[in-house]
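Remarks on the structure that follows.
The values are calculated or read from the model by the stated rules, or taken from the named source; none is laboratory data. Quick caveat, the model's predicted, so the values are computed rather than measured. Cβ atoms come from the backbone with ideal geometry, glycine included; neighbour counts cover every protein chain shown. Just so you know, the surface numbers come from the protein's heavy atoms only, side chains and all, with ligands and any DNA or RNA stripped out. Shrake-Rupley method; radii C 1.70, N 1.55, O 1.52, S 1.80 Å.
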Amino acid sequence: MTTGRVNSIEVKKINRNAIYNFLYMREPISIQEIAYSLNMSLPTVTQNIKELYERGLVIETGLFESTGGRKAKAISYNSTAKYAVGLDITRNHVGIVMIDLSAKVIRNYRKLFPFVNSKEYFKGVGHLVNSFILDCKIEPENILGVGIALPAILSDDSRSVSYAQVIDFEGGSITAFEEFIPYRCTFSNDANAAGFAERWGDKTDESVAYLSLNNSVGGSIIIGKNIYNGQNQRGGEFGHMTIAPAGRTCYCGQKGCVDAYCSAKILSDSTNGNIAEFFRLLRLGKEPQKSIWEEYVSYLVVAINNLRMLFDCKVILGGYAGAYMDEYIDELRQKVSKYNTFEVDGTYLHVCKYKLETTAVGAALLHVEEFIKNI
């Protein structure tokens with residue numbers, strides 16, 4: 001009897017999860033259409049919708065036009081039922097976002113807050129997070145957790161840092177943050193988080209190489225909807241591909257890395273760290289921005305072509321610099337096509353859709369993903 005009860009509970013959970021996931025990816029829909037699309041009985045769908053409604057996870061958004069009988073109710077998932085917080089920890093700043101279940105940014109905040117591997121720093125981050133949540137006026141029980149994105153390579157269990165040069169946190173543990181943040185915390189690599197955000201909500205299983213052009217260059221490899229981490233959690237470390245042997249010294253100590261030629265700092269250093277100002281002056285054809293850009297692009301297209309040759313998939317440019325490249329995409333496609341052995345154009349190259357705090361959004365979305373999987 002016990003086995004039968006367990007199986008019945010599991011089947012119910014599977015059905016409930018299938019219904020919620022179906023709603024999550026669609027516009028408002030009727031119970032009848034859900035039952036038909038999922039090949040479930042109408043009573044099964046009705047009962048599960050009732051339970052989800054009582055939990056505040058689905059809502060009625062109106063009525064559909066009548067086809068001869070009673071008008072069907074339009075059912076949708078409730079995007080504001082739960083929220084998640086994301087942190088983007090950099091060498092000099094902390095970026096914070098609050099997102100709802102639809103990945104909509106409810107509020108964002110960025111503060112100059114240089115990283116220091118000390119209890120005072122982590123206490124300060126905790127204060128920032130708690131004050132931010134208070135300002136958002138979200139009840140604590142409706143917050144799924146806090147995702148923390150770091151410019152570092154993580155351990156297999158993603159609870160500690162195995163390699164970090166951008167910030168002094170090698171060997172550091174998530175417990176340093178958890179001591180001062182009263183919510184469930186998770187770590188993610190910053191570029192992987194940004195790539196994850198970029199693919200969120202995409203209904204295709206198209207694979208992507210995401211090139212993150214922040215103040216340090218990183219990336220992520222997304223196969224279908226899954227991030228490929230590699231054997232040692234170093235998958236997507238595009239910033240350390242060699243594109244100029246015996247060239248400039250990278251912060252990692254090697255010479256000729258992509259990071260030494262394509263980080264956002266290469267551009268923003270000419271405008272006192274202001275990347276927006278760099279692109280404003282570039283649009284006006286000002287020097288030295290024009291010359292810096294031409295050299296920057298000459299190396300960037302080599303890195304892009306290498307990614308295309310390696311993975312034969314869409315390449316997306318993101319990060320601080322990538323977010324400004326919409327108006328230069330035709331130029332980049334034209335230049336990158338000249339290196340391509342197999343294709344006459346560069347239409348596989350795209351600019352990121354997320355322009356604001358992408359890394360923090362991706363870190364928060366890990367909590368949303370877990371929530372959706374476990375409805």
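Below is a table of values for the structure above.
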| quantity | calculated |
| --- | --- |
| Helices (runs of 4 or more DSSP H) lying entirely in the stretch 282-375 (those with 3 or more residues that are surrounded by fewer than 17 Cβ atoms within 10 Å (Cβ to Cβ)) | 289-311, 329-337, 358-373 |
| Single condition Gly195 does not satisfy, out of (1) open to solvent by less than 10 Å² (accessible area, probe 1.4 Å); (2) among the small types (Gly, Ala, Ser); (3) modelled with pLDDT of 95 or more | (3) |
| Selection within the stretch 225-254 - under 22 Å from Asp157 (Cα atoms), part of a loop (DSSP other than H, G, I, E, B) and open to solvent by less than 60 Å² (accessible area, probe 1.4 Å) | Asn229, Gly230, Gln233, Gly235, Gly236, Glu237 |
| From Glu65, Glu10, Glu27, residue being farther than 23 Å from Ile138 by Cα and either among the polar types (S, T, N, Q) or in contact (Cβ under 8 Å) with a residue 24 or more places away in the chain (or both) | Glu27 |
| Residue satisfying condition, being assigned to a strand (DSSP E or B), touching a helix residue (DSSP H, G or I) at 6+ places or on another chain (Cβ under 7 Å) and at pLDDT 95 or above, within set Ile148, Ile181 | Ile148 |
| Exclusive hit being in contact (Cβ under 8 Å) with a residue 40 or more places away in the chain, touching a strand residue (DSSP E or B) at 6+ places or on another chain (Cβ under 7 Å) and among the β-branched types (Val, Ile, Thr), set Val58, Val105 | Val105 |
| Sole exception among (1) assigned to a helix (DSSP H, G or I); (2) at pLDDT 95 or above; (3) closer than 19 Å to Ser212 by Cα for Glu277, by number | (3) |
| Hits in the stretch 108-122 (condition: of a type outside the set (Lys, Arg), in contact with a strand residue (DSSP E or B) (Cβ under 9 Å, 6 or more places away or on another chain) and either part of a helix (DSSP H, G or I) or surrounded by 13 or more Cβ atoms within 10 Å (Cβ to Cβ) (or both)) | Asn108, Tyr109, Phe113, Phe115 |
| Given (1) at pLDDT 95 or above; (2) more than 24 Å from the chain's Cα centre (by Cα); (3) of a type in the set (Val, Ile, Thr), index of the condition Val315 fails | (2) |
| Candidates Thr44, Thr67, Thr80 - the one that is more than 30 Å from Asn215 (Cβ to Cβ), in contact with a strand residue (DSSP E or B) (Cβ under 6 Å, 6 or more places away or on another chain) and either at pLDDT below 95 or open to solvent by 30 Å² or more (accessible area, probe 1.4 Å) (or both) | Thr80 |
| Residue list for the stretch 123-145, restricted to those being on the phi < 0 side of the Ramachandran plot and in a loop (DSSP other than H, G, I, E, B) | Ile138, Glu139 |
| All strands (runs of 3 or more DSSP E) inside the stretch 23-105 with 1 or more residues being small (Gly, Ala, Ser) and within 20 Å of Ile372 (Cβ to Cβ) | 73-77, 83-89 |
| Counted residues, the stretch 198-216 - those being open to solvent by less than 30 Å² (accessible area, probe 1.4 Å), of a type outside the set (A, V, I, L, M) and either closer than 16 Å to Cys352 by Cβ or assigned to a strand (DSSP E or B) (or both) | 5 |
| Criterion violated by His127 - all others in (1) touching a strand residue (DSSP E or B) at 6+ places or on another chain (Cβ under 8 Å); (2) open to solvent by 60 Å² or more (accessible area, probe 1.4 Å) satisfied | (1) |
